[in-house]
Amino acid sequence: MRRWNGWGDELIGDDLSAGGAGAIERVVGPASPPRDATLTDVLAGVPASRLPRHRLVVDDAETRVRHARGQSFPDWVALRSGRLGAVPDGVAFPNDRAEVRDLLAWAEALGARVVPYGGGTSVVGGVTPATDGSPWLTVSLAHTAGLRTIDTGSLLATFGAGTAGPDVEAALRARDLTLGHYPQSWELSTVGGWVATRSAGQQSLGYGGIEALFAGGTVEAPAGTLEMPSHPASAAGPDLRQVILGSEGRLGILTAAVLRVAPLPSRETFPTFFLPDWERALGFTRALARARLPLAMVRTSTPAETWTNLVLAGHERTLAALRRYLTARGAGPGRCMVLLGLVGQRRVMAATFAEVLAIAHAFDAVRAPATFGRQWQRSRFRTPYLRNTLWAAGYGIDTLETAVAWDRVPAIAASLAPVIRRGLAGDDERVHAFTHLSHVYPTGSSLYTTFVFRLAHDPDVTLERWRRLKATASVAIVRLGGTISHQHGVGSDHAGYLVAEKGELGMAALGDLARRFDPAGIMHPGVLLSDAR
Ligand SMILES: Cc1cc2nc3c(=O)[nH]c(=O)nc-3n(C[C@H](O)[C@H](O)[C@H](O)COP(=O)(O)OP(=O)(O)OC[C@H]3O[C@@H](n4cnc5c(N)ncnc54)[C@H](O)[C@@H]3O)c2cc1C
């Protein structure tokens with residue numbers, strides 16, 4: 001069963017190695033976990049629903065609590081402390097687009113607000129209802145899940161919006177096809193959520209982000225139905241898919257999406273290199289991106305992230321041997337790990353890897369044993385479980401991300417983690433922060449900074465610590481010319497920063513669009529456009 005107040009399946013844990021736990025404690029300080037509220041306590045505090053009965057709407061307290069929050073850090077604090085704030089008044093489970101239309105009309109007539117809900121993995125406050133006096137209806141797309149149609153000749157597959165990552169891949173792999181879209185939240189996130197947030201998967205360099213994979217589909221909005229045909233290309237005016245991509249439920253509910261799929265590759269490998277220092281790691285990464293090789297992934301860790309990955313991997317004796325090996329070959333303490341993904345047909349992969357090796361040689365890269373890549377492949381969707389483990393040990397962890405042109409990458413990479421590390425100095429609290437590049441492009445790269453800090457026993461103090469870290473980093477991102485989000489979206493957490501990127505006219509145009517699709521303003525107020533919280 002899915003955890004109600006954490007990540008993933010209750011039966012799956014992720015033990016922190018003794019070496020990893022010791023390292024976190026040395027860097028951040030010893031910690032003890034706050035007391036978590038029990039589900040029973042939380043359910044006891046859920047107010048009665050303000051919605052009348054509807055055959056598609058469930059209003060028991062547990063279903064409402066399980067759909068009240070996503071996976072952002074404030075969501076975790078709310079769930080763990082039991083201070084949940086607003087809870088939806090009901091959760092609807094439509095089976096098809098006609099039922100979605102019926103629910104939208106019902107909600108509008110009642111003056112209720114509507115939150116579309118996919119997998120609930122938003123990390124930006126994307127599925128949280130607000131306390132604005134109206135009843136709130138969460139519309140889960142879970143019952144729309146499944147493969148609807150497939151055209152193997154055209155490589156187009158239509159899925160219900162509520163289909164989660166593993167079910168998408170299972171349906172396609174049964175036909176020797178793949179979508180190749182693997183966000184780290186793949187286990188739980190859904191087709192509709194990916195489109196609504198402009199999601200990017202780990203292998204987006206090879207397969208493209210969801211904006212490249214989303215060929216068309218159907219949106220039900222309060223003002224009507226939008227059909228987006230799946231032409232291979234079209235010059236017939238502006239592309240309305242681009243209006244829906246990243247719309248975060250503000251314009252309507254995507255009920256089905258046509259996705260561009262690919263033949264299942266015959267092989268996948270994830271070779272790993274260590275570069276002697278950050279300058280050479282950056283040079284290697286940019287050279288790979290510019291070479292436009294058919295790579296599926298390039299992920300480059302700063303020295304701080306490389307150190308963290310190695311200590312969390314545990315196995316002290318193996319690591320000591322690896323460090324000796326790398327140091328002897330010139331990759332000493334400033335070493336940076338670069339993980340590549342090669343996916344495809346054997347001969348193309350061999351030719352690509354020969355090019356990679358030539359570029360690697362120019363930057364003094366040391367090739368790591370193949371076990372590194374295999375270990376990453378095995379545990380790629382396990383990493384989010386570490387959030388549960390760290391919380392139980394008294395630590396909070398969060399990630400923020402941006403993207404910039406290559407000329408700005410060095411400045412952002414050099415400043416984000418240090419800014420965050422200093423973020424709680426006034427409280428005498430230490431923060432461990434580290435960065436990697438991924439989703440590289442010929443023109444630039446996205447950057448991810450992860451930070452670990454101590455939880456306080458008072459949830460308000462924990463939230464205040466996170467707010468300061470998040471605000472400091474977000475202001476730095478905007479000041480350094482980065483986007484406020486490369487892939488997590490805007491939600492409510494980033495809504496205030498959007499104007500810096502879109503400008504006044506752009507924000508006004510987005511507002512007009514929302515009014516056109518949703519004249520009464522029932523769709524998810526508070527996300528994307530900061531208008532109702
Ligand atoms: C541990 C972890 C790792 C993550 N890694 C990645 C990553 O690698 N790449 C990445 O891109 N993201 C990542 N995310 C963020 C998140 O998974 C994505 O934003 C994902 O696309 C959300 O999908 P979902 O189905 O869970 O949507 P939800 O969280 O349910 O909803 C997200 C937003 O989309 C709207 N929405 C959902 N379904 C629909 C629909 N059918 N129609 C209209 N609007 C809808 C919601 O109203 C909300 O505004 C990660 C999150 C976590 C917790």
Could you state the orientation-averaged shadow area of the convex hull built on the Cα atoms of the range 375-533, in nm² to one decimal?
12.0 nm²
Convex hull volume per residue in cubic angstrom - Cα atoms of the range 153-194
66 Å³
Work out the length of the dipole vector of the range 391-533 about its Cα centre, built from +1 on the beta-carbon of each Lys and Arg and -1 on the beta-carbon of each Asp and Glu, and round it to the nearest 20 debye.
220 debye
Could you order peptides 122-128, 222-228, 483-489, 495-501 by the average number of other Cβ atoms within 10 Å of their residues, highest first?
122-128, 483-489, 495-501, 222-228
Going through the DSSP H helices of the chain, which span 27 Å or more along their own axis at the Cα atoms while scoring at least -0.5 as a mean Kyte-Doolittle hydropathy?
459-479
Once Ser530, Ser189 are ranked on solvent-accessible area with the largest value leading and a 1.4 Å probe, the list reads Ser530, Ser189
MRE, 222 nm, helices only [DSSP H, n ≥ 4, -39500 (n - 2.57), over the chain, to nearest 500]
-11000 deg cm²/dmol
Could you tell me how far the Cα centroid of the range 70-105 sits from the Cα centroid of the range 334-357, in Å?
42 Å
Protection proxy ranking, peptides 143-149, 246-252, average beta carbon neighbours within 10 Å, highest first:
246-252, 143-149
Net charge of Cβ neighbours under 11 Å - reference Arg299; Lys, Arg +1; Asp, Glu -1:
0
Percent of all Cα-Cα pairs per 5 Å bin for the range 139-251, counting from 0 up to the last occupied bin, reads 2, 11, 22, 26, 22, 11, 4, 1
Quick check: convex hull over the Cα atoms of the chain, volume per residue in Å³, rounded to an integer?
148 Å³
By the mean-Cβ-within-10 Å protection proxy, highest first, 16-27, 231-242 rank as 16-27, 231-242
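The values are calculated or read from the model by the stated rules, or taken from the named source; none is laboratory data. Quantities reported herein were computed from a predicted structural model and do not represent experimental measurements. Using ideal geometry, Cβ is built from the backbone for each residue, glycine included, and neighbour counts are taken over all protein chains shown. SASA here: full protein model, heavy atoms, side chains in, ligands and nucleic acids out. Shrake-Rupley method; radii C 1.70, N 1.55, O 1.52, S 1.80 Å.
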